[in-house]
Amino acid sequence: MAKDEYEKWEIVEGISEGGQAHVYRVRDRTGVEQGIFALKRLKNGDRIDRFRNEVEAVAALKHPNVVPLIDKSALHDPVGKKDRRYLVMPLAEGGSLDDAARFKGDVRRTLGVALRIAAGLAAAHTHTPRIIHRDVKPGNVLFPKKDTDDVWVSDFGICLIDDDRPRQTEDGERAGPAMFMAPELEGGGRLDVGPEADVYSLGKVIFFMLSGGTILPREQLNESPYREVLQGDGLGRLNALLSRMIRRDPKTRIQTMAEVIEHLDSILAGMDGAGTHPEADEASERLMKTEAEQDARNAALRAANDEWEVAHANARRVLVDTIRDQLQDLVRNRGEPGKTTFQVAAAAASGTQRFARFAVGLTDAIEVLRSRNDGDKRTWVMTFHVYWRTHSDKKGRVGFFAGIDVREYDDRPAGRCRSLLGRKPLSKGFRLTSTEPVLFEEPPDDWLSSDAGIRNAVSELFAAFLEAIGKGTSIFNDAAFLEKSGRGLPRR
């Protein structure tokens, strides 16, 4: 290896090698910088723009909770065979947050670390230009020293620097880790995300710490077995906070890291018995009240039947099997081989959905995605929303309703092309609605014996879906949509 390959930096030994970079322990052969440092060298020349992102973000963010930049190579030279672009950072002697076992059940330490992470991210979000990390995960939270809880936020390689530069994920790659990323970033989704994307990921990191290393799937914070992590004295406020951070819809999340810090401070102060700023107390109380009311509604819906979880599992299995069977029939009888692709995918759903005359507790969602291979980049999606509700007889029902939407190639909604399927008055056809979807529901114990009814219902909805696709997006402005489709779902 040439002596000047990394200029003044001499390699001591390798630390790691990933798909995009090599990391080495190095020392300054000139003696100006004392000690051992970490040198990260770009491995994939196609990622030079991301590498520049990381260097520019770290150089700009001089904050105690953002990893400092010690040195860097030139960034704008043409990439060649001997390219050696690199950056040098302090060595994180305490490792990363991937090893979270030491935080299990320790609320105070968990919140202390979370505050430091949030402070580093807040510095990025309020910088000019604004910087959104987009890759917040345990492996990117470093501990400068062993046996301390000081942290650095690191690895800004896929951050969004909110200026006029081209976005770095237009090739369809994921913008972050699937286990911690915000849903809008999946599959190279939205590029114009804001701080709420990092808020979502931080919420999952907090859960990861408190659980001692358990990864929370999607938005299942209040589902078994994950809800047990936040059950106990003094955890109600933290549960309420995480419930507002880990939400699928970015518009309903906490929007700024400053608000997250405010709530974390308030929770910690309450544990210490110290007073807090009145506005922080009021904000926390509002948060707790809102989430308590939501929890009470959902609990009332589920408490109607002690075997809700078994009923839900049975209903979901029956529905998924029926959808797959019907989809195979649909493709075989009406498909266009080589031109049309249908896929079935699971989607998260939770919370209370209110309609004009009733409310249901959403538990799950199953999507059927139809795309074409002939240049049409839009995807038509029919979503089966699974729910639970208490009927007028005080007994629980498990059911589903369906909606249709259209998405662009990058998963953005196609305008206002989104609606639920309702019954047209005095007709066996369907209409678009936002307040009165047609429901198919059964008592929990009847789902396993209702195959024929469920099959008919799904068949009707598939017919409506194909009818909608045939009419095109103009149906979302057509009040007479699907006058003739279907024999009619049962009214229940």
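The values are calculated or read from the model by the stated rules, or taken from the named source; none is laboratory data. Note that this is a predicted model, so its numbers are computed, not measured. With ideal geometry, Cβ positions are generated from the backbone for all residues, glycine too; neighbour counts draw on all protein chains shown.
The table below lists the values:
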{"quantity": "Count of the range 45-102 residues which are more than 20 Å from His133 (Cβ to Cβ), of a type in the set (Val, Ile, Thr) and at pLDDT 80 or above", "calculated": "2"}
{"quantity": "Output for the range 101-150, where each listed residue is polar (S, T, N, Q) and either in a loop (DSSP other than H, G, I, E, B) or under 13 Å from Ile206 (Cα atoms) (or both)", "calculated": "Thr110, Thr126, Thr128, Thr148"}
{"quantity": "Members of the range 114-126 that are surrounded by fewer than 22 Cβ atoms within 10 Å (Cβ to Cβ) and either in contact with an Asp or Glu (Cβ under 8 Å, 6 or more places away or on another chain) or closer than 14 Å to Leu97 by Cα (or both)", "calculated": "Leu115, Arg116, His125"}
{"quantity": "Single condition Tyr409 does not satisfy, out of (1) at pLDDT 75 or above; (2) touching a Phe, Trp or Tyr at 6+ places or on another chain (Cβ under 8 Å)", "calculated": "(2)"}
{"quantity": "Residue in the range 151-161 that is assigned to a loop (DSSP other than H, G, I, E, B) and either surrounded by fewer than 19 Cβ atoms within 10 Å (Cβ to Cβ) or not assigned by TED's automatic domain parsing to the domain that holds Phe207 (or both) present", "calculated": "no"}
